[in-house]
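S.K.: This structure is in structure tokens; I'll ask about it shortly.
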Amino acid sequence: MNFLGGRLLVVAFEGWNDAGEAASGAVRTLQDVLEVVPIAEVDPELYFDFQFNRPTVVTDDDGRRRLEWPSAVMYGPVRPGETAPGLADDANLQVSGNNVGNIYLLLGTEPSRSWKSFTAEILDAALAADITAIVFLGAMLADVPHTRPISIFASSENAAVRSELQIERSTYEGPVGILSAIAEGAEAVGIPTVSIWASVPHYVHNAPSPKAMLALIDKLEELVDVTIPRGNLVEEAAAWEAGIDALAADDDEMAQYIQQLEQARDTVDSPEASGEAIAQEFERYLRRRGDGRDGQAGGRPDEPWRN
């Protein structure tokens, strides 16, 4: 099979699957630089608890105040199938590559209820748009240091995709988010899938993580064979890291805790570490999502180095 040979749907949801707003931020970056328009949207009344995911009031370009409701929207290219111009034309604003006209987006809030119906509606929209493959983006809180490259793990339940892209199959067992429900449904109707997850340092979970967002975009660019402009993300990622360095410089216990994480990460990344050891380390991070460390508050103190 050719995973990259058709229309690709890139998916991210705010909430449980989105530590540091990395996954949703990566898809929003694509939304900003791709010429896409909404092609499908779910009815919020059917899937959301508005006391849990409240609507927000915003002011539009005409100065009118209106409510924005939690939802999930699929976007499609204005000119499907077209090849984008090369980066030399406008390196800061345009995505380039042969696949650009085949990239569709799905961005939304994780639903509160009726996941099976929600999944069926999303897959109906994907089939109507002739989507041939889906890439899911996620981010989780993990015991990783902010000073090292963000850990990225790509996996697929589809044997042909694993062989083509040289990625692994996840062995995680435990609680899951809506990404897993849609992925299982997609494979059942013949749409192959890939999941890309970033590990976000759990001790800075209250702030957006441009470094994790950048890492997801890097991996996505590699897999789907496009060139995605980074805008200000590189500078924002550097500022994010420097800000945490400054906090740690004023807190000896935090600095010591980060040093322990650095030593553990360097051991995993050493030449002596086997691929199996690295995979086991990632699976250990995934399993911890079941105890509340999942991108949401709760499950672990904000300052574990003080325990």
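The values are calculated or read from the model by the stated rules, or taken from the named source; none is laboratory data. Small disclaimer: the values here were computed from a predicted structure and weren't measured. Note that each Cβ is placed from the backbone with ideal geometry, even for glycine, and that neighbours are counted across all protein chains shown. Areas reflect the complete protein model, heavy atoms only, side chains present, ligands, DNA and RNA absent. Shrake-Rupley method; radii C 1.70, N 1.55, O 1.52, S 1.80 Å.
For (1) over 27 Å from Arg265 (Cα atoms); (2) aromatic (Phe, Trp, Tyr), each residue gets a yes or a no:
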residue: Leu105; (1), (2): yes, no
residue: Phe118; (1), (2): yes, yes
residue: Leu123; (1), (2): yes, no
residue: Ile131; (1), (2): yes, no
residue: Met140; (1), (2): no, no
residue: Pro145; (1), (2): no, no
residue: Ser151; (1), (2): no, no
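S.K.: Just one of the numbered conditions (1) within 19 Å of Ala126 (Cα to Cα); (2) at pLDDT 85 or above is not true of Val58; which one?
M.R.: (1)
S.K.: Which ones in segment 28-55 are farther than 15 Å from Ser112 by Cβ, at pLDDT 95 or above and surrounded by 12 or more Cβ atoms within 10 Å (Cβ to Cβ)?
M.R.: Selection gives Ile39, Ala40, Glu41.
S.K.: Which of the residues spanning segment 1-12 are of a type in the set (Gly, Ala, Ser) and either surrounded by 18 or more Cβ atoms within 10 Å (Cβ to Cβ) or not in a loop (DSSP other than H, G, I, E, B) (or both)?
M.R.: If the condition is that a residue be of a type in the set (Gly, Ala, Ser) and either surrounded by 18 or more Cβ atoms within 10 Å (Cβ to Cβ) or not in a loop (DSSP other than H, G, I, E, B) (or both), then Ala12 is the only one that fits.
S.K.: A further question on this structure: Looking for something open to solvent by 40 Å² or more (accessible area, probe 1.4 Å) and either within 29 Å of Gly6 (Cα to Cα) or among the aromatic types (Phe, Trp, Tyr) (or both) - is there at least one such residue anywhere in segment 251-258?
M.R.: Scanning segment 251-258 turns up no residue that is open to solvent by 40 Å² or more (accessible area, probe 1.4 Å) and either within 29 Å of Gly6 (Cα to Cα) or among the aromatic types (Phe, Trp, Tyr) (or both).
S.K.: Consider only pairs whose beta carbons are under 6 Å apart and that are at least six residues apart or on different chains; among these, list those whose first residue lies in segment 1-24 and is farther than 15 Å from Val73 by Cα and whose second residue is open to solvent by less than 10 Å² (accessible area, probe 1.4 Å) and part of a loop (DSSP other than H, G, I, E, B).
M.R.: Filtered contacts from segment 1-24: Trp16/Gly177; Asn17/Gly177; Gly20/Ser209; Ala22/Ser209.
S.K.: Report, ordered by the first and then the second residue, all pairs with beta carbons closer than 6 Å, sequence separation of six or more or different chains, a first member in segment 178-191 that is within 11 Å of Phe118 (Cα to Cα), and a second member that is open to solvent by 10 Å² or more (accessible area, probe 1.4 Å) and in a loop (DSSP other than H, G, I, E, B).
M.R.: Ile178/Glu110
S.K.: Quick check: anything in segment 175-186 of a type in the set (A, V, I, L, M, F, W, C) and at pLDDT below 95?
M.R.: Yes; the residues of segment 175-186 include at least one that is of a type in the set (A, V, I, L, M, F, W, C) and at pLDDT below 95.
S.K.: Answer yes or no as to whether Ile217 is in contact (Cβ under 8 Å) with a residue 60 or more places away in the chain, within 13 Å of Ile150 (Cα to Cα) and under 18 Å from the mean Cα position of the chain (by Cα).
M.R.: Yes, satisfied.
S.K.: Looking at (1) at pLDDT 90 or above; (2) not in a helix (DSSP H, G or I), which is the one condition that is false for Asp218?
M.R.: (2)
S.K.: Assuming Val224 fulfils every condition listed in (1) under 25 Å from Gln166 (Cβ atoms); (2) modelled with pLDDT of 85 or more apart from one, which condition is it?
M.R.: Of everything listed in (1) under 25 Å from Gln166 (Cβ atoms); (2) modelled with pLDDT of 85 or more, Val224 misses just condition (2).
S.K.: Let me ask something else. What strands (runs of 3 or more DSSP E), lying completely within segment 13-69, carry at least 1 residues that are in contact with a Pro (Cβ under 7 Å, 6 or more places away or on another chain) and more than 30 Å from Val144 (Cβ to Cβ)?
M.R.: In segment 13-69, the matching strands (runs of 3 or more DSSP E) lie at 36-41, 65-68.
S.K.: To continue, here is another question. Give me a count of the residues in segment 126-175 that are in contact with a Leu (Cβ under 6 Å, 6 or more places away or on another chain) and either basic (Lys, Arg) or surrounded by fewer than 15 Cβ atoms within 10 Å (Cβ to Cβ) (or both).
M.R.: Selection size over segment 126-175: 0.
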